Amino acid sequence: MEHDELLPLLSATAQGNKQAFADLYQATSGKLFAISLKMLGNRAHAEEALQDAFVKIWHNASSYHASKGVVISWMISIVRYRSLDMLRHSKVRNEQSLTEEHDEFDLNDIDVTYEDKSKLVDCIEQLEPQQKQVIHLAYYKGLTHQELVDHIASPLGTVKSWIRRGLQQLQRCLTL
């Protein structure tokens, strides 16, 4: 669903409309579950994170401001932060998933349309290898900056610079 379709559902949810919330859940839960499952690697934990995130969405729907981004991005951030909390507190992260064979982007795991995926692939391919790696580990594996430093044995400032410059380059590329 597009932002124009989700915004009225979220607004109605903020007013306590249970049907709008059910419709919002139906429209977004698949994508949000996939994000949580990718981060946690465990179906039961991903379901719990998704449930917790939707409870937070229900309670905080009125705090959403359109000026800060689209509805789905706001919802993704809630699911992502809940998944990160679970990773940190429950120790569900399997350290073996951090081996070098899993450090590359798997673009088939990204839930976007073909046209968007094609553009995203092109933009990601333009990144420096270090930028690709740290962005993948931070945004798809949920590593903190300190965990990135430990994992790739680079200074914190360098890691933060790679992330910042990589995201800036992606943003420029995707808006062309």
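The values are calculated or read from the model by the stated rules, or taken from the named source; none is laboratory data. No experiment lies behind these values; they were computed from the predicted model shown. As a convention, Cβ positions derive from the backbone with ideal geometry for all residues, glycine included, and neighbour counts pool all protein chains shown. These area figures cover heavy atoms from the full protein model, side chains too; ligands, DNA and RNA do not enter into them. Shrake-Rupley method; radii C 1.70, N 1.55, O 1.52, S 1.80 Å.
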Practice task
Report the FRET efficiency, 1/(1 + (r/R0)^6), for HIS65 and GLN15, where r is their Cβ-Cβ distance and R0 is 25 Å, rounded to 0.05.
Solution key: 0.95
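Per residue, how big is the convex hull of segment 1-44 when only Cα atoms are used? Give it in Å³.
Numbers: hull volume 3.5 nm³, N = 44.
Spelled out: Cα convex hull of segment 1-44, divided by residues, is 80 Å³.
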Problem - TYR139 - accessible surface, heavy atoms, 1.4 Å probe, Å² rounded to 10 - result: 90 Å²
Problem - Accessible area, probe 1.4 Å, largest first, for residues LYS18, LYS31 - result: LYS18, LYS31
Completion exercise
Simple SL model, points at 7 angstrom along Cα→Cβ for GLN126 and THR144; separation in nm is 3.4 nm
